[in-house]
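For reference, the structure discussed in these notes is given below.
The values are calculated or read from the model by the stated rules, or taken from the named source; none is laboratory data. Bear in mind the structure is a predicted one, so any value in this text is a computation, not a measurement. Neighbour counts run over all protein chains shown; Cβ positions are idealised from the backbone, glycine included. Accessible surface is based on the protein model in full, side chains and every heavy atom, while ligands, DNA and RNA are left aside. Shrake-Rupley method; radii C 1.70, N 1.55, O 1.52, S 1.80 Å.
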Amino acid sequence: MTEAAPTGVSPAGEPGRTARVVLVDDHRMFRTGVRAEIGRTEATGIDVVGEADDVESAVRVVAETRPDVVLLDVHLPGGGGVEVLRRSAGLMGEQGGVKFLALSVSDAAEDVIGVIRGGARGYVTKTITGTDLVNAIFRIADGDAVFSPRLAGFVLDAFAATDTPPVDEDLDRLTQREREVLRLIARGYAYKEIAKQLFISVKTVESHVSAVLRKLQLSNRHELTRWATARRLV
Amino acid sequence: MYRSPQGRMLGGVAHGLAVHLGLPVSWVRVAFVLLFFAQGIGGLLYAAFWFVVPIGIGEPAQRGGTHWVYVNGAFVPASPWQGGGPAGAELSKGGRRGGWIGRLREVLQHALQGEPAVAAGDAVGGPADAAGTGTGTGAASRSQRQGGLGQLAALVMLVIGVIALLNALNVQTAKPYTWPLLAIGVGVALVWRQADDSRWQRWFGLEEGNRRRGAYTRVGAGVLLVVAGTIAFLATQGSGSTIGSVVEASLAVLAGVLVLVGPYALRMWQDLGAERTARIRAQERAEIAAHVHDSVLHTLTLIQRRAEDPKEVLRLARAQERELRLWLYRPEAVAEAAPDTMAESLRAVVAEVEDRHGVPVELVIVGDCPMDERITAQMQAAREATVNAAKYGGGGPVQVYAEVEGRTVMVFVRDHGPGFDPDTVPEDRMGVRESILGRMKRNGGTARVRPAPDGGTEVELEMERSDD
């Protein structure tokens, strides 16, 4: 099964807009390929300002260059993408901070959920096309979350396992609307299609998605353990 | 039913019958013994069963795996090979019943049964009782000795049965040819019994060499008995005067034939073995060839024809590799191919459609549930919908989303093709109407086909799981 493009609406390569990007991946061939695909600044608006191939160098390069977006591989020598996220937590701010987009061959639920909880703003697989990747990078840079259908499925799954929590955990649950939005993403709808379907604006869709992402990052350890146990991941 | 080779006295008839009927084996044995005395019917029945019923691996070992011996009203586990043989003989020497009975049994065992005599205990309440050889009272360990005695007793019972049969047929035991007939009977029993054993051994090959000697002894004894019985019978019938010359002549002819035909027979025997091996190999090769032809060769031909289309070649190669791997390394998975949960089933469907039509299909599944009849129908409908999306969806990725929520299973199949209006589909096109809408309706679910908001078509399949 091929991971399709995350469905989004942000215009790629708006004239004059650029995003500074750091590539983190332990395969040089892959970094070279991605750089060749998206790094033509005049055409794509992406400026690759640094590369790293393990956790140590990634943390250093990110701290030095302060890029807009880090393309982060999930499996890295030295502790993996989650470790990079943990050690770079201080650089992630709501406004103007460094944002992380996970880019991995893995589509295992624990990898995806792991980096999202670690603070990544989105997750795409390496089968993504160059154009879609550029799109995703700009959406991330704008502060949105990138939910591929598969990620939406994992999130629904994670929250479905904890569907009947006590009342005081209401904060962490998905609202009906958020669930609807996620379901439509999982069904392959683009954000603007979702907006049309639910009679809301694209901005509202994006805010729902961001809310889901925040809840996913905030949902407590107890829930995560239960979810992982239910899937025999631990 | 099958005759049971484990824990048997003679041919395993009683054992097999007991397992078949679900009765304790001792009851069956008592019944046979009683019938022996009812004009020898028991003997006839036993012989008939022995003749007709094959010795079997079809029956599971009694009462789950180990062999069970009935001792003092309780079943205790015992090894099927215990009792008899050297071990049993030694035990009996040291045992209370040692002395000449033990020795006699030992000798008879070696002569008649061959080495490690099959079968343990079961003597209690069995023929041994009736035959009056006496049974030990007690512990499981003693059933070893009883095992040998039991077999001996069974043979004795057979003899008695045959005598009773002859009596019933109005043949006085006093008549001189009774004993020769008896000898023939015992000889035949021995040879048959050995035939069973060798078959049993071929299935569960224990150490061959050791047992083979015993087997030859037994067959030899049986043949000897039959021959002697026949000669004695002829002699008592009055043709005794000529018997000497007849035997002489026969032996001479036999020797001549052996000398002449012997080498050919030997060669033939060897050829037979070689041919059998070759045939088995050829069969295997034919099976592999058939499979390779059906799949690999077929695919290679397709690849040659479409060499200029790398996408297609890739697709074919991938599908073929998956299939061949499965066939080679996980044949049991092919056999039990039917997946037993919704997610597995849908994954298989999607993989197959993806391979066959070369269109990427993105699958997202939330939750899972076991398959039932309705879900199976839903999966078939989903398959048809996915195939349609792959065929008419403009080559873009097809999105399949399935969710189990409570008892409801929803499947969405979406493509980004030109879209179509279900109402304009001609009457004779059965794909959507029958395979999707009709199938879902017949199985108590609903299906909707509608245009997606931004182009393309979405099929929605909703089904309640059946009550379990």
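May I ask for the accessible area buried between chains B and A, both sides summed, probe 1.4 Å, to the nearest 100 Å²?
1900 Å²
Testing the spin-label approximation: label points 7 Å from Cα along Cα→Cβ at B:Asp309 and B:Ala195. State their distance in nm.
About 6.3 nm, to one decimal.
Can you pick out the pairs among A:Lys215/B:Lys311; A:Lys203/B:Lys391; A:Lys99/A:Lys126; A:Lys192/B:Lys441; A:Lys99/A:Lys192; B:Lys391/B:Lys441 whose Cα atoms lie more than 30 Å from each other?
A:Lys215/B:Lys311; A:Lys203/B:Lys391; A:Lys192/B:Lys441
So which GluC sites (Glu not before Pro) in the range A:70-110 pass both tests, a DSSP loop state and at most 16 other Cβ atoms within 10 Å of the Cβ?
Those satisfying the criteria are A:Glu94.
In nm, to one decimal, how far is the modelled label at B:Ala252 from the one at B:Arg356, with both set 7 Å along Cα→Cβ?
A separation of 8.0 nm, rounded to one decimal place.
For a quick check: with amide H placed at 1.01 Å from N, whose amide H comes under 5 Å from B:Thr341's, ignoring anything fewer than 5 positions away on the same chain?
B:Met371
May I ask you to evaluate 6.51 cos²θ - 1.76 cosθ + 1.60, the Karplus curve with θ = phi - 60°, for each residue of the range A:180-194 and list the ³J(HN,Hα) values in order in whole Hz, giving x for glycine and proline?
Karplus-based 3J(HN,Hα) across the range A:180-194 equals 4, 4, 4, 4, 5, 4, 4, 7, x, 7, 7, 4, 6, 5, 4 Hz.
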